[in-house]
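Notes to accompany the following structure.
A short reminder: the numbers here are calculations on the coordinates, not readings from a lab. Just so we're clear, the structure is a prediction, and the values are computed from it rather than from any experiment. Cβ sites come from the backbone with ideal geometry, for glycine too, and all protein chains shown count toward neighbours.
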Amino acid sequence: MKNREKYSDEILTAIISSSLCSFMHDIVIPELVDSRKIDEFCDKLDCADCSKMFAFWQDGVYVEPPTDWVNVPVDTLVRVRDDENGEWLLRYFNRFDEKPFGYRDGHNYAVFADGATSVTGSGYIEHWNYCELVEDTDEVSQ
């Protein structure tokens, strides 16, 4: 998916409301420049340069930002597995541990076992190597 597809509604809103400069400042430029230098960078650009940068950015491939696991609520539905090619299993998120579980490097994701939640299975926790958020409710039926 390209940036123009991901942000199509926001781009239209910015154009209609004459706030494209704010959109560039808040969304586009942070992807291209160190966040501490955004204001300095914007001061040096004229509208023609900004338009070229916007056109270039629209054709770029959208990159999903990494998940901040510290802020994921307990009981959020996730998929887990232990190796890159393994089958994903649905579980409910418990926590992210900064240190791996025991001797198992990389097993930082703690989830409730076998479909349990914090209400039904708080005593039985599994640790997994890979974890991702489930965003499409259709996947739940699998």
Kirkwood hydrodynamic radius for region 3-58: how many Å is it when counted over pairs of different Cα atoms?
11.5
Taking the Cα centre of the chain as origin, sum charge times position over the Cβ atoms of Lys and Arg (+1) and Asp and Glu (-1), and report the length of that vector in debye to the nearest 20.
160
Quick check on the chain: helices-only [θ] at 222 nm, where DSSP H runs of length 4 and up contribute -39,500 (n - 2.57) each and the sum goes over total residues. Nearest 500, please.
-7000 deg cm²/dmol
Percent of Cα-Cα distances greater than 18 Å, calculated over the chain
66
In vacuo Debye sum over C-alpha of region 21-89, base-10 log of normalised intensity I(q)/I(0) at q = 0.15 Å⁻¹, listed in q order, is -0.68
In nm, give the distance between the simple-model label positions of ASP68 and CYS21, each being 7 Å from the Cα along the Cα-to-Cβ direction.
2.8
Could you work out Rg/(2.2 N^0.38 Å) for region 69-141, with Rg from alpha carbons only?
1.03
When CYS42, CYS131 are ranked with the fewest other C-beta atoms within 10 Å first, the list becomes CYS42, CYS131
Neighbourhood net charge (15 Å Cβ-Cβ; Lys/Arg +1, Asp/Glu -1) for VAL33
-3
